[in-house]
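To keep things clear, I will list the structure first and then write my remarks on it.
The values are calculated or read from the model by the stated rules, or taken from the named source; none is laboratory data. The structure presented is a predicted model; accordingly, all values stated were derived computationally and were not measured. Glycine gets a Cβ as well: all are built from the backbone with ideal geometry, and neighbour counts include every protein chain shown.
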Amino acid sequence: MKTFFFSAAFLALQIAAAQVPTGETNPLATSRAFLYEDMAVRSTPNGGEGRRAFTGTLATGEAVGAHETTQPVGAPPSALHKIQHSELIVVQQGTVEFHHDGKVERVTPGGIIYVALGTEHFVKNVGDVPAKYVVIQIGGDTKK
């Protein structure tokens, strides 16, 4: 009976390990769901929080990453930064300003921001509720 228990436990551990993505596997190699509750929460310098969904490579060769960011009301935005990939930012909640190329554009829930490769930019919560948005990074340095 002990042998059966240890064999079953060993097999269960092997199956669990095979299902957990590691730095060496590509989470985009097959179709799957990325569950919100499985995304580790990290604090951001401005008092917000972020959750990384994945970073991987599509079958067509493009690097893709996705994460969600929440900015509290009145928090300073993330620092002005330049990206070496393209981004689509989907606003889920709140009102944000997209600062880029000497322009400021206001975006509300359901709106999508496109950030081109090399664009220096930041996103600022200008609403009266926490701003929540999903960032989809495409190509280039998506691990940053």
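When the stretch 19-28 is examined, which residues are found to be among the hydrophobic types (A, V, I, L, M, F, W, C) and at pLDDT below 95?
If the condition is that a residue be among the hydrophobic types (A, V, I, L, M, F, W, C) and at pLDDT below 95, then Val20 is the only one that fits.
Output the residues belonging to the stretch 79-97 that are within 16 Å of Gln137 (Cβ to Cβ) and either more than 15 Å from the chain's Cα centre (by Cα) or not in a strand (DSSP E or B) (or both).
His81, Lys82, Ile83, Gln84, His85
For residues that are at pLDDT below 95, closer than 21 Å to Pro76 by Cβ and among the small types (Gly, Ala, Ser), tally how many sit in the stretch 99-144.
The number of residues fulfilling the criteria is 1.
Considering only the stretch 26-73, how many residues are touching a residue at least 12 places away in the same chain (Cβ under 8 Å) and surrounded by 11 or more Cβ atoms within 10 Å (Cβ to Cβ)?
Of the residues in the stretch 26-73, 32 are touching a residue at least 12 places away in the same chain (Cβ under 8 Å) and surrounded by 11 or more Cβ atoms within 10 Å (Cβ to Cβ).
Return only the number of the condition from (1) assigned to a loop (DSSP other than H, G, I, E, B); (2) surrounded by fewer than 18 Cβ atoms within 10 Å (Cβ to Cβ) that Val134 does not satisfy.
It fails just one condition, (1).
Pairs, please: C-beta under 8 Å, at least 6 apart or cross-chain, first residue of a type in the set (Asp, Glu) and in the stretch 76-96, second in a strand (DSSP E or B)?
Within 8 Å, the pairs are Glu87/Ile113; Glu87/Tyr114; Glu87/Val115; Glu87/Val135; Glu87/Ile136; Glu87/Gln137; Glu87/Ile138.
Does the stretch 41-56 contain any residue that is outside any strand (DSSP E or B) and modelled with pLDDT of 95 or more?
No, the conditions are met nowhere in the stretch 41-56.
For Val96, state whether it is over 15 Å from Pro76 (Cβ atoms), touching a Gly at 6+ places or on another chain (Cβ under 8 Å) and either acidic (Asp, Glu) or buried (at least 18 other Cβ atoms within 10 Å of the Cβ) (or both).
no
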